[in-house]
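First, the structure itself, so that you have it in front of you.
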């Protein structure tokens, strides 16, 4: 047991709710061509969680550097900053029961304001920003809140169809409390007409599910003369109470 | 009308994309100076208890070509079968072993290597013991939702035969897709096949 000794939270030990696989994108989505040869074709083996999925590692705030949640400055030369529309992205990580998820590790990555990634596999001719790396991370507080500062990424073309473009987006990796909650997703921006044309967005069958990936512009949280704010809440799998679960032999 | 359960829907998954390294292993893709080390790179130290093992994993697409842009995370118990997690109620796991690792597959060979320890046995919920195993989570460009599977050990024939999860696999011919092979150098070689005759058993768990 490695629970924070200062926390009053009781550790949760119940299994996670089953995933609604019709809400998530299926593995095989021919409109997104790379999925064709990378999608399992046999049925998944469905199982209730064991301890191996109920448990997960803890990431302490001590792993975080001061600028980890500031993409405007964490790769920039001293005294300089990344170029682009300055934004704050903030929100809460909740589970399906509506409970905040404290201690969740969030990692994010994105293109620069011109739509260019700092990566050797990138083929877009837009310029690199010498002051922008494109990665950041944070850990949610006791209520599940998080926030980071960045620049709004640009849209960019990608080789799928002849002329396919990705809407502006930020990738998120979310690590909750159990290995079964592991999730990667992408955040889009309110009002972007490119969202509904994107083959990767379209892998999600349900329009209502796509809408949960669109961050809302929050003028109230906008910082005067500094940065606009976008609110993006993230929901991880909920879990059962272990109150009535079978006890292990000998426990 | 009944009361509302007030449930939220899980955030839908989206692919990790080709640039997953930027966010999750930035030093691996030459974005240096932001984090001192990529998370999950080092799993063991001098004081970690248990038998040192090397796991070499690759992920193959439907043509049999290894993915060179995948990212794998593993999660496992310590040598006594305890997880280093607040949800582990049976006792304190080895403080020198977090049990979690993360590696990007090599951009030339498609291989990723985990230096870890062999896990102990962990009980199933009815008290039966599971065979030693390592949980895998695989993401990549073209994978719309992270794939979950497990690696078991080839020398654990007896334990594998009584493992309650392996027992749930209807087509026994597929069980070996979850059992690593032993390489000439002693490393465990775990080839994950996304499609085809050798398609790995993936879990909805």
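The values are calculated or read from the model by the stated rules, or taken from the named source; none is laboratory data. Source: prediction; values computed, not measured. With ideal geometry, Cβ positions are generated from the backbone for all residues, glycine too; neighbour counts draw on all protein chains shown.
Are there any pairs, at least 6 apart or on different chains, whose C-beta atoms fall under 9 Å, with the first in region A:82-102 and facing chain B (nearest Cβ under 10 Å) and the second surrounded by fewer than 18 Cβ atoms within 10 Å (Cβ to Cβ) and part of a strand (DSSP E or B), and if so, which?
From region A:82-102, the pairs are A:93/A:100; A:93/A:145; A:94/A:100.
Okay, next question. Would you check which residues across region B:137-169 are in contact with a helix residue (DSSP H, G or I) (Cβ under 8 Å, 6 or more places away or on another chain), free of Cβ contacts under 8 Å to residues at least 60 places away in the same chain and part of a loop (DSSP other than H, G, I, E, B) and list them?
B:153, B:169
Now, a different point. Restricting attention to region A:213-251, which residues are more than 8 Å from every other protein chain (Cβ to nearest Cβ) and at pLDDT below 95?
Across region A:213-251, the qualifying residues are A:240, A:241, A:242, A:243, A:244, A:247.
Could you list all residues from region B:1-33 that are touching a strand residue (DSSP E or B) at 6+ places or on another chain (Cβ under 8 Å) and either more than 9 Å from chain A (Cβ to nearest Cβ) or surrounded by fewer than 19 Cβ atoms within 10 Å (Cβ to Cβ) (or both)?
Residues satisfying the conditions are B:8, B:9, B:25, B:28.
Can you tell me which of (1) farther than 26 Å from residue A:173 by Cα; (2) away from chain A (no Cβ under 13 Å); (3) surrounded by fewer than 21 Cβ atoms within 10 Å (Cβ to Cβ) is the one residue B:160 doesn't meet?
Condition not satisfied by residue B:160: (3).
Are there any strands (runs of 3 or more DSSP E) wholly within region B:67-134 with 1 or more residues that are surrounded by fewer than 22 Cβ atoms within 10 Å (Cβ to Cβ), and if so which?
In region B:67-134, B:100-104, B:112-117 are the strands (runs of 3 or more DSSP E) which contain 1 or more residues that are surrounded by fewer than 22 Cβ atoms within 10 Å (Cβ to Cβ).
Within region A:157-181, work out how many residues are surrounded by fewer than 23 Cβ atoms within 10 Å (Cβ to Cβ) and in a loop (DSSP other than H, G, I, E, B).
7
Write out, first by first residue and then by second, each pair whose Cβ atoms fall under 7 Å of each other, whose residues are 6+ apart or on separate chains, and whose first residue, in region B:188-205, is within 8 Å of another protein chain (Cβ to nearest Cβ) and farther than 21 Å from residue B:164 by Cα while the second is modelled with pLDDT of 95 or more and in a strand (DSSP E or B).
As it stands, the answer is B:194/B:59; B:194/B:60, since those pairs meet every condition given.
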